[in-house]
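Shown next, in structure tokens, is the structure this report addresses.
The values are calculated or read from the model by the stated rules, or taken from the named source; none is laboratory data. Computed from a prediction, not measured in an experiment: that's the story for all the values here. Neighbour counts run over all protein chains shown; Cβ positions are idealised from the backbone, glycine included. Keep in mind that these areas ignore ligands, DNA and RNA; they rest on the heavy atoms of the full protein, side chains included. Shrake-Rupley method; radii C 1.70, N 1.55, O 1.52, S 1.80 Å.
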Amino acid sequence: MIKSMTGYGKGEFVGNNRKYIVEIKSVNHKYLDFNFKMPKALSIFEDNIRKILSKNITRGKIDVNIRFENFSDIGKNIKIDDELLNQYLSEFDRISKKYNIKNDITLSNIIELDNILKLEQDEEENDVILNELTKAIDLAIENYIEMKKVEGKKIAENMEEKLITLEENINKIEKLSEKVVDEYKERIETRLKEYISEHDIDYTRILTEIVIFADKMTIDEEIIRFKSHINQFRKELNSDNSVGKKLDFIIQEMNRETNTIGSKTNCLEITNLVILNKAINENIREQIQNIE
């Protein structure tokens, strides 16, 4: 079953004095675009998180919000960059002497300096945190996909109703087209007979040309292709894969056949049905923009 591009999912995991809350929200987008919001302590895992999400999501603008509460000792190894601090202090001392300014730097000033304090984690700690974080992500993805399926089912049901209407209209057009061609041939033949009776013209040759022209005006091929597109569209609606782009292509082809049918006929009833089908095609195309 198709999935909507709009969805929301939340996952939570509690480890040993560590709590992870992951929220995933998405809206329509032509491509796959991630936006992450997470604590600095987890930023080193962004590539890992992106890979996990990409295995389950193919299209949409995805906002990922991660909250992390850590009451354990893991991930709290604070290191001081002594080399960088020495450069800072040396520069402060130089400025103090050059401009005769009192060097009253304090510990609180040092802590506020950029990149002086670093939060370091060893490989084992990283593995523990990533493993726990992944569990929260997996749960969020599961809930997120479930919501997308529910929304996708509603879209699919609505599209199926529209496909039924398209089928009914194309069947009406098919019946009308047979009648229109026959009436066209009879009308032209009658007028030609009247004209030929008064002029010396090769009736057989002209009649052949009429038949050829009438055949060009038929819309049998367009109708067959249109019905084929409907069947293909239905098949994709029941697919578990990402089919949004494929459905968009199919509806474009359906609209192309509809336009061709409209351009080939002078029958008012067919024209009205063509207009209805074009409106339905456009409505379906808009809905496809919300399908993954």
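Counting just the residues of segment 107-139 that are surrounded by 14 or more Cβ atoms within 10 Å (Cβ to Cβ) and acidic (Asp, Glu), which one comes out modelled with the highest pLDDT?
My answer is Asp138.
Looking at (1) buried (at least 19 other Cβ atoms within 10 Å of the Cβ); (2) of a type in the set (A, V, I, L, M, F, W, C); (3) more than 29 Å from His29 (Cβ to Cβ), find the lone condition where Ile224 falls short.
(1)
Mind counting the residues in segment 233-262 that are open to solvent by 90 Å² or more (accessible area, probe 1.4 Å) and in a helix (DSSP H, G or I)?
Within segment 233-262, residues that are open to solvent by 90 Å² or more (accessible area, probe 1.4 Å) and in a helix (DSSP H, G or I) number 6.
Can you spot a residue in segment 119-131 that is part of a strand (DSSP E or B) and under 20 Å from Glu12 (Cα atoms)?
No, because not a single residue in segment 119-131 is part of a strand (DSSP E or B) and under 20 Å from Glu12 (Cα atoms).
Right, Glu142: surrounded by fewer than 17 Cβ atoms within 10 Å (Cβ to Cβ), at pLDDT 95 or above and of a type in the set (Asp, Glu) or not?
When the stated conditions are applied, Glu142 passes them.
Test Glu151 against the stated conditions and say whether it is among the acidic types (Asp, Glu) and within 22 Å of Leu53 (Cα to Cα).
Judged against the criteria, Glu151 is a match.
Just checking, how many residues over segment 6-17 are modelled with pLDDT under 90 and surrounded by 17 or more Cβ atoms within 10 Å (Cβ to Cβ)?
Here the count works out to 1.
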